[in-house]
1. Filtering segment 188-215 down to residues that are under 18 Å from residue 147 (Cα atoms) and touching a strand residue (DSSP E or B) at 6+ places or on another chain (Cβ under 6 Å), which residue is most open to solvent (accessible area, probe 1.4 Å)?
2. Could you count how many residues in segment 242-258 are farther than 19 Å from residue 145 by Cβ and either surrounded by 13 or more Cβ atoms within 10 Å (Cβ to Cβ) or modelled with pLDDT under 90 (or both)?
3. Here are some conditions: (1) modelled with pLDDT of 90 or more; (2) not in a helix (DSSP H, G or I). Residue 34 meets all but one. Which one does it not meet?
4. Is one or more of the residues making up segment 101-111 part of a helix (DSSP H, G or I) and β-branched (Val, Ile, Thr)?
5. Which residues, taken from segment 132-154, are touching a residue at least 24 places away in the same chain (Cβ under 8 Å), in a helix (DSSP H, G or I) and open to solvent by 70 Å² or more (accessible area, probe 1.4 Å)?
6. In this structure, does residue 271 turn out to be farther than 16 Å from residue 150 by Cβ and either aliphatic (A, V, I, L, M) or open to solvent by 10 Å² or more (accessible area, probe 1.4 Å) (or both)?
7. Could you go through segment 84-105 and let me know if any residue there is charged (D, E, K, R), farther than 16 Å from residue 236 by Cα, without any contact (Cβ under 8 Å) to a residue 60 or more places away in the chain and out of contact with any His (no Cβ under 8 Å at 6 or more places or on another chain).
8. Working only within segment 64-77, note down all residues that are open to solvent by less than 60 Å² (accessible area, probe 1.4 Å) and not in a loop (DSSP other than H, G, I, E, B).
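The values are calculated or read from the model by the stated rules, or taken from the named source; none is laboratory data. Just so you know, these numbers come straight off a predicted model, no measurement behind them. In this analysis, Cβ positions are derived from the backbone assuming ideal geometry, glycine residues included, and neighbour counts consider all displayed protein chains. Ligands, DNA and RNA are excluded from the accessible area calculation, which covers all protein heavy atoms including side chains. Shrake-Rupley method; radii C 1.70, N 1.55, O 1.52, S 1.80 Å.
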Amino acid sequence: MEITNRAVSTAEATGVVGRASSDDQLTATWLHGRSPHTQRAYGADIERFRGRAGKPLGQVTVADLQEFADSLGDLAPASRYRTLSAVKSLLAFGHRIGYLPFDVGRVLRLPAVRNRLAERILPEADLHRILSLEAKARDRALLILLYASGIRVSELCGLSWRDLQANGDGGQVTVFGKGGVTRAIQLPASVWKLLNGLRGEKAGPDDPVFRSRKEKNGGRLRPLAVLRVVRKAAARAGIELPVSPHWFRHAHASHALDRGAPIHLVQATLGHASVATTGRYLHARPNDSSSRFLPL
């Protein structure tokens, strides 16, 4: 439902509701305003569905949807859920704006997906070992900022020096995040000093905070390059897990809550639309259980 509502609100805000005149235009309208990564992922999901159905969206039946769902057995459960969720969202959006006569996706049930969040939360000792063993200044600052701020990798790659401002003894970073929401995150003095050490004298306000060493004229670091930095740092620390930049976001939320941070503050820092999303971390790594009351 969250995907559908966001798509509809974006379309309404841009004044394109009711203007779709073809399946291609409907899909483009539905994708409008999402991040490039999301557009690629959802666009591929919809293309896969339309190719399998082999007919206009207005002629799609429940049987077509069920057959498509059955054909996704080669995908991981989370990918299967995302694909079907995207299709349901597009069909609901098409019906909402009057392009499709019926919302046939309403009756399609999404597969249950096991919550594996706990598996992607590193203990504090492992996380700090990753940070302490990184010798390169840029990469160490990158890893520490991911953990200290909880920002997404796309937000990190998009940072320019104008997005960093002094604030008291430390500073703050302002990011334009998911859903078009801008948020400011306060940084401790130690992190602020580390970031400022990267700037140098020639960097202008629109220059990237994290530069690529390979691109000419010091272009922005890309998400894939950040992933490589994270994977090398994790391997150096002896962690044999598929650690990604997003794991630092998980660690920020879990460790902050474990240390008594108010859940609404963690929600604001991470930019979660709902406190229920932030609350997942409380359930993923509980600090108490009724089992301690049993005669074990």
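1. Top of the filtered list is 188.
2. From segment 242-258, those farther than 19 Å from residue 145 by Cβ are 242, 257-258; that's our starting set.
Cutting the leftovers down to either surrounded by 13 or more Cβ atoms within 10 Å (Cβ to Cβ) or modelled with pLDDT under 90 (or both) gives us 257-258.
The total comes to 2.
3. Going through the list (1) modelled with pLDDT of 90 or more; (2) not in a helix (DSSP H, G or I), residue 34 breaks only (1).
4. Initially, segment 101-111 is screened for residues part of a helix (DSSP H, G or I), giving 104-107.
Now narrow it down to the ones that are β-branched (Val, Ile, Thr): 104, 107.
Yes, the conditions are met somewhere in segment 101-111.
5. Residues of segment 132-154 touching a residue at least 24 places away in the same chain (Cβ under 8 Å): 133-134, 137-154.
Cutting the leftovers down to in a helix (DSSP H, G or I) gives us 137-149, 153-154.
Scanning segment 132-154 gives 140, 154.
6. Working: farther than 16 Å from residue 150 by Cβ: no; either aliphatic (A, V, I, L, M) or open to solvent by 10 Å² or more (accessible area, probe 1.4 Å) (or both): yes.
Answer is no for this residue.
7. Filtering segment 84-105 for residues charged (D, E, K, R) gives 88, 96, 103.
Next, from what is left, pick out any that are farther than 16 Å from residue 236 by Cα: 88, 96, 103.
Applying the additional criterion that residues be without any contact (Cβ under 8 Å) to a residue 60 or more places away in the chain yields 103.
Filter once more, keeping what is out of contact with any His (no Cβ under 8 Å at 6 or more places or on another chain): none.
Checked against the condition, which is being charged (D, E, K, R), farther than 16 Å from residue 236 by Cα, without any contact (Cβ under 8 Å) to a residue 60 or more places away in the chain and out of contact with any His (no Cβ under 8 Å at 6 or more places or on another chain), segment 84-105 yields no hits at all.
8. Step one: filter segment 64-77 for residues open to solvent by less than 60 Å² (accessible area, probe 1.4 Å), giving 64-65, 68-69, 71-72, 75-76.
64, 65, 68, 69, listed by residue number.
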